[in-house]
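A short write-up of the structure that comes next.
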Amino acid sequence: MPALLDLRRRIRSIRNTQQVTQAMKTVATARFKKFQRLVMEGRPFWHQEPPVLARLIGWALAVESVYTERRPEKRILVTVVTSDKGLCGAFNSNLLARAESFLVEKTRQGVKVELLLLGKKAAQFFKRHSFPVFQTIGEKVDRLPAQEIAKLAREIINLYLVYRIDSFYIIYNEFRSILAPQITILKLLPLAPAAAGEMGELEPDWEPGAQWLGERLIPLYLERQLNHVILESQAAEQAARMMAMENATRNAEDLISNLILVMNKIRQAAITKELLEIMTAVEALQKS
C-alpha cells in the first residue's frame, strides 16, 4: 500500500505540472500569434528597404560617406539578442553557442570585440566570459519603447562616427517556421552600396542633396532594423516555447499513463495475493 500511495502522489504531482505546461502553451500561442502578425506585416517593408538604401548610397558615392567607408576591422560591436525567460527548448543555447564561436573567431583574427546584450539569458551567459560589454538590457526586451530603440540606434551610430567601432553586427534568431528558427548574423555597419548593374539608368535629382538625405535616413534605417530584429526574435522565442510546452504536456501524459499502468499492476498483484490467501485458508478449513 505505501507503494500505491507514492504512485498516487506522483501522478497528482505530474498532473499539476501538466496543467502548468498546458497553460504556458496557451499563453505562448497567444503571444506567438501577436508577434507573428507584426513580423509578417513588417517583412515586406523590411526586405525592400535595404536595396533602396543601397541604391541611394550608390548614387551618393560622388561625395564621400563615412557610412560606406571600408575600414579594416580592428574594433567591432556585436549585439546578441536572446530571451528573458527559459522553458523554450534550445532557443537560447543554440544561439549563444553560435555567438560564442563567432566572437572567438573574430578574437583570433585580432579583432577587439565589444558586446551589446539584449535579453537576460545573454547577460547571464556572457558574465562568464571576458568580452567587454558596452550595454546590457536584461529585462522586458519585448516591451522596449520606440524611444529606447531610437536612443540605442543613435548611440551605435555615434560609436561608428567617432571611430570607436569599425563594424556593427547583430546575432539573433530569425523566425522561419514553428519547428525551428534560423540563427542569423547580420552586418549593419558599414553599409554596402548597390552594384553598378542595380543602380538603374537614371540618377534622381536630390533636394537638398543625397548626402544630406542619407545622413538622416541611415539612423532611421538602423532603428527600424533593430526593431524588426527584436520582433523576429520574439516570434521565434514564442514559437519555440509553444513547441517545448506542447512536448512537455505530451510527455507528462505519457508518464501518467505509465504510472497508472504500474499502479494497476501493483493493485492486481495485491488482489491476486489476497485471493490466494483466501483459497489457501478455505482449503485448510476443508481438510480440517
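The values are calculated or read from the model by the stated rules, or taken from the named source; none is laboratory data. What you see is a predicted model, and the numbers here were worked out from it, not measured in a lab. Methodologically, a virtual Cβ is constructed for each residue, glycine included, from the backbone with ideal geometry; neighbour enumeration extends over all protein chains shown.
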Give the residues of the stretch 114-136 that are closer than 15 Å to residue 170 by Cα and surrounded by fewer than 19 Cβ atoms within 10 Å (Cβ to Cβ), sorted by residue number. 114, 133, 134, 135, 136
All but one of (1) assigned to a loop (DSSP other than H, G, I, E, B); (2) modelled with pLDDT of 65 or more; (3) over 21 Å from residue 69 (Cα atoms) hold for residue 202; state the number of the condition that does not hold. (2)
State yes or no: is residue 169 modelled with pLDDT of 85 or more, of a type outside the set (A, V, I, L, M) and part of a loop (DSSP other than H, G, I, E, B)? no
Is it true that residue 274 is surrounded by fewer than 16 Cβ atoms within 10 Å (Cβ to Cβ), among the acidic types (Asp, Glu), more than 30 Å from residue 171 (Cβ to Cβ) and over 30 Å from the mean Cα position of the chain (by Cα)? yes
Residue 13 passes all but one of the listed conditions (1) surrounded by fewer than 18 Cβ atoms within 10 Å (Cβ to Cβ); (2) within 30 Å of residue 111 (Cα to Cα); (3) modelled with pLDDT of 85 or more; the exception is number (2)
Scan the stretch 151-166 for residues that are assigned to a helix (DSSP H, G or I) and buried (at least 17 other Cβ atoms within 10 Å of the Cβ) and jot them down. 152, 153, 156, 157, 159, 160
State whether the residues of the stretch 89-105 include one that is among the β-branched types (Val, Ile, Thr), at pLDDT 90 or above and at negative phi. yes
Single residue of the stretch 241-267 satisfying the filter (of a type in the set (Asp, Glu) and touching a residue at least 24 places away in the same chain (Cβ under 8 Å)) that is surrounded by the most Cβ atoms within 10 Å (Cβ to Cβ): 246
